[in-house]
1. With a 1.4 Å probe and every protein chain kept in, tell me what percent of the accessible surface of the stretch 127-284 is carbon plus sulfur.
2. Can you work out the Karplus-derived ³J(HN,Hα) for every residue in the stretch 142-156? Use 6.51 cos²θ - 1.76 cosθ + 1.60 with θ = phi - 60°, whole Hz, and x for glycine or proline.
3. Using the alpha carbon gyration tensor of the chain, what are the three equivalent-ellipsoid semi-axes (square root of 5 times each eigenvalue), largest first, in whole Å?
4. Which residue, T201, F235, M223, has the largest displacement toward the positive end of the dipole of the stretch 196-244 when charges sit on each Cβ (Lys, Arg +1; Asp, Glu -1)?
5. If you take every DSSP beta bridge whose two residues both sit in the stretch 127-284, what share of them, in percent to the nearest 5, is antiparallel?
6. Going by average Cβ neighbours within 10 Å, how do the peptides 179-186, 79-86 rank, with the highest at the top?
7. Mind pulling the per residue volume of the convex hull built on the Cα atoms of the stretch 127-284? Å³ is fine.
8. Provide, as a two-decimal number, the C-alpha radius of gyration of the stretch 40-133 over 2.2 N^0.38 Å, N being how many residues it has.
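The values are calculated or read from the model by the stated rules, or taken from the named source; none is laboratory data. What you see is a predicted model, and the numbers here were worked out from it, not measured in a lab. Positions of Cβ are backbone-derived with ideal geometry, glycine not excepted, and every protein chain shown enters the neighbour counts. Heads up: the accessible areas ignore ligands, DNA and RNA and are worked out on the full protein's heavy atoms, side chains in. Shrake-Rupley method; radii C 1.70, N 1.55, O 1.52, S 1.80 Å.
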Amino acid sequence: MSELLIYFNGEFVPKSQATTSIYDHGFLYGDGVFEGIRAYNGRVFKLDEHIDRLYDSAKAIVLDIPLTKNEMKEAILQTLRKNNLMDAYIRPIVSRGIGDLGLDPRKCTKPNVFIITQQWDALYGDLYEVGLTAVTVTTRRNAPDALSPNIKSMNYLNNILAKVEANNKGGDEAIFLDNNGYVSEGSGDNIFAVNNGKVYTPPTINNLKGITRAVSIEILKDMGYEVNEQHMGLFDLYTADEIFVTGTAAEAAPITQIDGRSIGDGKPGKVTNKVIEAFKEVTRNNGTPIYPENEVKV
Ligand code: PMP
């Protein structure tokens with residue numbers, strides 16, 4: 001099989017050659033932003049929303065992306081086409097660029113833009129049927145007044161520490177609390193609870209404004225469920241009838257155990273399964289075509 005092609009500053013280069021300097025501040029300091037996007041059945045799901053979030057993240061860290069949003073979209077579609085992909089995970093990355101060992105971002109005169117695309121299967125395999133085990137981690141989610149979780153920055157150490165802790169405790173996913181003890185999100189996904197037929201999810205001040213979260217809220221409201229965006233404590237999770245997490249990689253995934261407590265009857269719940277099904281439907285039938293001239297490519 002030929003090597004995957006990576007978009008790198010306007011060129012398409014084989015994966016093994018898509019490299020930057022160790023003086024890139026993305027490498028030295030996690031100084032940059034990224035997105036995680038998916039394509040299903042030849043269509044990129046919620047491309048505009050992901051592009052908007054990428055540029056918002058960049059704005060928040062005062063990083064000028066050297067492409068217009070339309071150019072970025074076209075570069076993403078081109079990368080998918082070059083790799084002949086229909087179902088893919090897409091990772092645009094914009095780092096501050098090459099500077100020196102000092103922190104000063106003014107030393108980095110040219111951001112580096114990478115787009116990685118690759119074939120991608122379900123993140124949690126057969127756990128969608130049995131449910132994930134989650135653990136609350138002692139690492140608190142980055143405070144919004146320190147490094148806002150709304151910024152999808154290349155600095156994911158907070159999330160990695162949560163994942164390490166979940167791994168050590170035998171959990172499939174970590175649940176973050178914020179510094180006030182409110183439920184924040186998973187290490188790479190947003191969280192929802194269902195109780196007495198009503199749905200609850202934390203407001204997005206202390207977590208990433210997830211695009212799958214927004215889609216799930218729409219799905220739930222269309223199905224007639226009341227969705228409340230409000231702060232939650234651990235008690236609300238432990239006593240919920242159902243819990244599920246949402247994210248581009250995870251899609252919608254049930255959580256059936258938290259910190260040794262079974263959630264509901266310990267099986268993926270009715271509402272959760274409905275969201276999973278509806279999400280499948282919506283992702284397979286919507287999105288920006290990768291091959292507009294040949295939409296039913298085989
Ligand atoms: N929270 C975090 C920390 C994430 O990394 C992600 C994945 N991007 C999400 C939530 C879910 O966001 P989305 O649905 O936009 O992928």
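1. Roughly 49 percent of what the probe reaches on the stretch 127-284 is carbon or sulfur.
2. My calculation for the stretch 142-156 gives 3, 6, x, 8, 10, 9, 4, x, 6, 7, 8, 9, 5, 8, 9 Hz in order.
3. 33, 24, 16
4. T201
5. Percentage antiparallel, nearest 5: 65.
6. 179-186, 79-86
7. In the stretch 127-284, the Cα hull volume divided by residue count equals 100 Å³.
8. The value comes to 1.34.
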